[in-house]
Amino acid sequence: MEDPLGLRPLKDITVTERIVDPDDVPWVPYTDTIWVKPLRLNRKTGQWTNITKVVGGGQINRHYHVNGVIGFVLEGSWYYVEKDWVARKGMMVWEPPGDIHTLMSGEEGTITLFQLEGALLYVDEDDQVVGFDDVLAHTKTYHDFCRSAGIEPLDLDY
């Protein structure tokens, strides 16, 4: 087969595809109203993907994104206290780097697929950092939960 662009050799140096069934990943508790299912925890690039569940009226505290975030609403709805729109089932949201917001779920709760890169910094009313989350913290939380529950964690570092 002819390869005029010289792409065939690239196949030899790429990582093979990865299939992750969310049913094989436990819901990891973050707070009383937030659970996550990590699907990708790439420690080399800082990229992390998870399904986040927030139960009715729950919130993800005020935070700042160092990089952009993509969210796709799978169930329910959510909004930012600081904004005038609502993300509903089937909608995609892009959050620009540097945005500060507080995520509130609708009364029915929400389940959203989020793709992140870099850190998420929790900030107070004066924009002072009071906590953070990133791929390393997320990985530790996942592994600690699996260990405590007697579950073998999946290799999600790809």
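The values are calculated or read from the model by the stated rules, or taken from the named source; none is laboratory data. All values derive from a computational prediction rather than experimental measurement. Virtual Cβ from ideal backbone geometry, glycine too; neighbours counted across all protein chains shown. For the accessible areas, the whole protein counts, side chains as well, though only heavy atoms, and no ligand, DNA or RNA atoms are used. Shrake-Rupley method; radii C 1.70, N 1.55, O 1.52, S 1.80 Å.
Using Cα springs under 10 Å in a Gaussian network model of the chain, which residue among VAL28, VAL55, VAL129 shows the largest mean-square fluctuation?
Comparing VAL28, VAL55, VAL129 in a Gaussian network model of the chain, the most mobile one is VAL129.
Find the Rg to Rh ratio for segment 52-133, where Rh is the Kirkwood radius over alpha-carbon pairs and Rg uses the same atoms.
For segment 52-133, the value is 0.95.
Taking the Cβ of GLN59 as the centre, find all other residues whose Cβ is under 14 Å away and add up their charges (Lys, Arg: +1; Asp, Glu: -1).
0
In Å, what is the Rg of the alpha-carbon atoms in segment 8-97, and how long is Dmax?
Cα radius of gyration and Dmax of segment 8-97 are 15.9, 52 Å respectively.
What whole-number volume per residue, in cubic angstrom, does the convex hull of the C-alpha atoms of the chain give?
Spread over its residues, the Cα hull of the chain gives 156 Å³ apiece.
Would you work out which of GLY6, ASN67, MET91 lies farthest towards the positive end of the dipole of the chain? Charges go on Cβ: Lys and Arg +1, Asp and Glu -1.
GLY6
Once label points are set 7 Å from the Cα along Cα→Cβ at both ASN61 and ASP99, what is their separation, rounded to one decimal in nm?
Between ASN61 and ASP99, the simple spin-label model gives 2.1 nm.
Put a dot 7 Å past each Cα toward the Cβ at MET91 and ASP127; how far apart are the dots in nm?
Reported label-point gap for ASP127 and MET91 is 2.6 nm.
Using a 1.4 angstrom probe, figure out how much accessible area the chain has per residue, in square angstrom, rounded to the nearest whole.
Numbers: 9570 Å² over 158 residues.
Each residue of the chain exposes 61 Å² on average to a 1.4 Å probe.
Could you look at segment 42-158 and say what percent of its accessible area is carbon and sulfur, using a 1.4 Å probe and all protein chains?
54
Among LEU121, LEU103, what's the order by accessible area (1.4 angstrom probe), most exposed first?
Heavy-atom accessible area, descending, gives LEU121, LEU103.
Zone of CYS146 (label point 7 Å along Cα→Cβ, backbone N under 12 Å): which residues in segment 38-54?
38-41
Going through segment 78-110, which GluC sites (Glu not before Pro) have at most 14 other Cβ atoms within 10 Å and a DSSP loop state? Working shown, then result.
Numbers: sites: GLU82, GLU107, GLU108; in loops: GLU82.
Passing sites in segment 78-110 are GLU82.
Determine ³J(HN,Hα), in whole Hz, for all residues of segment 143-151 in sequence, where each value follows from phi through the Karplus function 6.51 cos²θ - 1.76 cosθ + 1.60 and θ = phi - 60°; x replaces Gly and Pro.
Once rounded to whole Hz, the list reads 5, 4, 5, 4, 4, 5, 9, x, 10.
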